[in-house]
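The values are calculated or read from the model by the stated rules, or taken from the named source; none is laboratory data. Because the structure is predicted, anything quoted here is derived from the model rather than measured. FYI the Cβ positions are ideal-geometry reconstructions off the backbone, even for glycines, and counts take in every protein chain you see. When the accessible area is computed, the model is the full protein with side chains, heavy atoms only, and any ligands, DNA or RNA have been set aside. Shrake-Rupley method; radii C 1.70, N 1.55, O 1.52, S 1.80 Å.
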Amino acid sequence: MSENSARSVTVERTGTGHFVATNTRGGTISFGTGSDSEFTPVELLLAALGGCTAVDVDLATSRHAEPAAFSVEVSGNKINDELGNRLTDLAVTFTVTFPDGEGADRARAILPRAVKTSHDRLCTVSRTVEIGTPVTATVEDA
């Protein structure tokens with residue numbers, strides 16, 4: 001494992017059903033059980049899927065032209081079966097438009113390839129979900 005490969009966040013309880021995640025750079029995001037407008041952990045997973053691939057696609061296309069519109073919709077179905085709670089039918093749908101111009105024509109042309117490359121190789125989040133990575137949960141002595 002390389003020196004720069006480790007990633008981590010800390011999740012702290014801020015109240016009943018409310019939490020805040022803090023990254024190593026000091027950024028925070030609050031979330032909860034869905035009893036209010038805060039994101040739920042499932043919604044954060046969907047956001048991570050869309051956000052990861054959006055970053056890849058934006059970097060590839062915006063060097064040619066600034067998009068006029070750029071949105072990513074991520075959806076899935078939450079089910080409970082013999083395997084437990086999980087999401088199925090995950091879908092990531094890009095809606096991206098570019099203005100007229102030569103650079104924009106190039107950005108439009110590479111958009112499908114950028115989406116495919118992100119999905120197939122670059123996006124750590126979708127690659128982890130698709131390949132499947134074991135998760136270890138432990139309890140430390142306080």
### Task
Give the calculated FRET efficiency between Thr10 and Ala68 to the nearest 0.05, with a Förster radius of 30 Å applied to their Cβ-Cβ distance.
0.20
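Can you pull out the trypsin sites (Lys or Arg not before Pro) in region 53-142 that DSSP calls coil and that have at most 13 other Cβ atoms within 10 Å? Before the final figure, lay out each step's value.
Details: sites: Arg63, Lys78, Arg86, Arg106, Arg108, Arg113, Lys116, Arg121, Arg127; in loops: Arg63.
Counting only loop positions with at most 13 other Cβ atoms within 10 Å, the trypsin sites (Lys or Arg not before Pro) in region 53-142 are Arg63.
Could you compute the longest span of the chain free of GluC sites (Glu not before Pro) located in DSSP loops and having at most 16 other Cβ atoms within 10 Å, not counting the site residues?
Details: sites that count: Glu3, Glu82, Glu140.
Segment 4-81 is the longest.
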### Message
What whole-number volume per residue, in cubic angstrom, does the convex hull of the C-alpha atoms of region 65-138 give?
### Response
118
#### Entry: Accessible surface of the chain [probe 1.4 Å, protein heavy atoms]: carbon and sulfur percent
53
### Query
Can you tell me the accessible area per residue over the chain, all protein chains present, probe 1.4 angstrom, in square angstrom?
72
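Kirkwood hydrodynamic radius, computed over distinct alpha-carbon pairs, for the chain: how many Å, to one decimal? Please report the intermediate quantities before stating the final value.
Numbers: mean 1/r = 0.0566 Å⁻¹.
That comes to 17.7 Å for the chain.
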### Query
Asp81 to Thr93: extension gain in nm, 0.36 nm per residue of separation minus the Cα-Cα distance?
1.7 nm
## Note on the structure
Dividing the helical contributions, -39500 (n - 2.57) per DSSP H run of n ≥ 4, by the residues of the chain yields a 222 nm value, nearest 500 deg cm²/dmol, of -10500 deg cm²/dmol
